[in-house]
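First the structure, in the form of structure tokens, and then the observations on it.
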Amino acid sequence: MKRLKKLIDSKTLFTGSYSDAEQHHDINIIRYDEDGLHYRYGIFDNENPSYLAWEEPNLYVLHELDEEVKLSTYSYFKGPISIFKSNEASIKGAGACHMYTTPDMAYIFVSCYGSGHIHIFSKKEKAFINTFTPADDHKEEARAHGSIITNSEKWLLAVDLGRDYIRVFNMDNITEVPLVEHSKFSLPQGSGPRQVILSKEDRYIYCMNELNNSIMILAFDNATGEVTELIDTIQASEQDVNAVGTSILTKDHSILIVPNRGPNSLSLFKVKDEKCTKIDEIDCMGDWPRLIAFSKNEKEVFVANQKSGQLSVFNLQRTGKSILKYIDSIPIPLISYVEEILE
């Protein structure tokens, strides 16, 4: 096993996993330090806690279920370690696969792959308060996936993987019932947009496409809330058969890292506005890298390798050519999510 020899700041991670007939801890607390990755604590949730969001002392847990949308709030205490459910909210829908929020945001935006809905959860009211329901006017099923708020906080962008849309919602109208889209942009058929990431000043959108192995760079007008044009399309991986996973962009908006669930690799790109240039593509050290996440200081990249059931960690070296160096892995069955928390 490869390890860095220099001192590593210790970190605490939450992971979420798909549940299984063979019961396993599907919410885990993992410690990372100079000796690698270690288990600290785990619980049985048993309802596919596939996506998490940490906001001290709360851990928001999204359950990917076939018959309903369920969002639970767990309270976490570290001395001694304990986790217990303090709230549960549910609403119609299916296949809730993604949620977006930040600690200073009043809402959580939940996307449903199974039903196409986008739901809004109020942290204050501890309940769902609004819903976007896609129109029944398309031959393809709506498949809502990743969402994000613009840096200006004026717009919510959400992708529809099934219908190849980027939808835009006005944050000023976010609580008006029902939720309606402000605008939408049609991508080339068969793109399968999974996630959008924004440039520093919201001028450009980097769209990760699951179905056609691509990253699309689009222009966005922050004044009007409209995606105006498709500027460029590049391959995410050298291997054509690929399902792009949930990707990350450094805080200075200079390095994009993309997990590839076909070749089981990580692609690194240098980013500057509308330019996206590939630097490298390396082995992810597992099977089916569903999601990757930075540590808070962006010195590490954590990889949720779902099918091989393992969490892997890499060191990101930013001097000269930016490269990832493999450090360690730990078994976590059906892992789908990882996030560092600050203690």
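3J(HN,Hα) along the range 130-139: 7, 8, 9, 10, x, 5, 8, 10, 9, 6 Hz, from the Karplus curve 6.51 cos²θ - 1.76 cosθ + 1.60 with θ = phi - 60°, whole Hz, x for Gly and Pro. Computed from backbone phi, the HN-Hα couplings of the range 195-212 come to 7, 10, 10, 10, 6, 4, 9, 6, 6, 10, 10, 9, 9, 8, 9, 6, 8, 10 Hz, rounded to whole numbers (Karplus: 6.51 cos²θ - 1.76 cosθ + 1.60, θ = phi - 60°; Gly and Pro given as x). Each of R163, R40 was scored by other Cβ atoms within 10 Å of its Cβ. Arranged with the fewest first, they read R40, R163. Pairs from the table (K184/K275; K272/K321; K251/K272) lying more than 18 angstrom apart at Cα are K184/K275. Counting neighbouring beta carbons within 10 Å and listing from fewest to most, the residues R143, R290 come out as R290, R143. What the Cβ-Cβ distance of I323 and V241 gives, at R0 = 25 Å and to the nearest 0.05, is a FRET efficiency of 0.50. Take every Cα pair under 8 Å whose residues are at least 6 apart in sequence, average their separation, divide by the length of the range 183-307, and the relative contact order is 16 percent.
Rounded to the nearest 20, the Cβ-based charge dipole of the chain about its Cα centre (Lys and Arg +1, Asp and Glu -1) stands at 1020 debye. For a straight C-alpha distance cut-off of 21 angstrom, the lysines reachable from K126 (same-chain residues fewer than eight places away being disregarded) are K70, K85, K92.
The calculated FRET efficiency for E141 paired with M105, based on their beta-carbon distance and R0 = 35 Å, is about 0.75.
Using only the Cα atoms of the chain, build the gyration tensor, take square roots of its eigenvalues as a ≥ b ≥ c, and label the shape rounded, prolate or oblate: rounded if a/c is under 1.5, else prolate if a/b is larger than b/c, else oblate.
Values: a/c = 1.59, a/b = 1.12, b/c = 1.42.
The shape class here is oblate.
The distance separating the Cα centre of the range 14-35 from that of the range 60-91 comes to 15 Å.
Shown here for the range 293-343: trypsin sites (Lys or Arg not before Pro) in loop regions (DSSP other than H, G, I, E, B) with at most 10 other Cβ atoms within 10 Å, namely K321. Converting phi to 3J(HN,Hα) with the Karplus coefficients 6.51, -1.76 and 1.60 and the offset θ = phi - 60°, the range 253-266 yields 6, 10, 10, 10, 10, 10, x, 10, 8, x, x, 6, 9, 10 Hz in sequence order, with x at every glycine or proline. Compute a Gaussian network model of the chain, connecting alpha carbons closer than 10 Å, and tell me which residue from F14, F109, F84 fluctuates the most. Judging by the Gaussian network model, the answer is F84.
Annotation: aspartates and glutamates with alpha-carbon distance below 18 angstrom to K154 (same-chain offsets under eight excluded): D104, D172, E176, E181, E201, D202, D221, E226. Fewest-first ordering of D328, D9 by other beta carbons within 10 Å of each residue's beta carbon gives D9, D328.
Here the range 231-321 is assigned +1 on the Cβ of each Lys and Arg and -1 on the Cβ of each Asp and Glu. Its dipole about the Cα centre then comes out at about 300 debye.
Every number in this text was worked out from the coordinates using simple rules, so none of it is lab data. Nothing here was measured: the structure is a model prediction, and the numbers come from that model. Cβ sites come from the backbone with ideal geometry, for glycine too, and all protein chains shown count toward neighbours.
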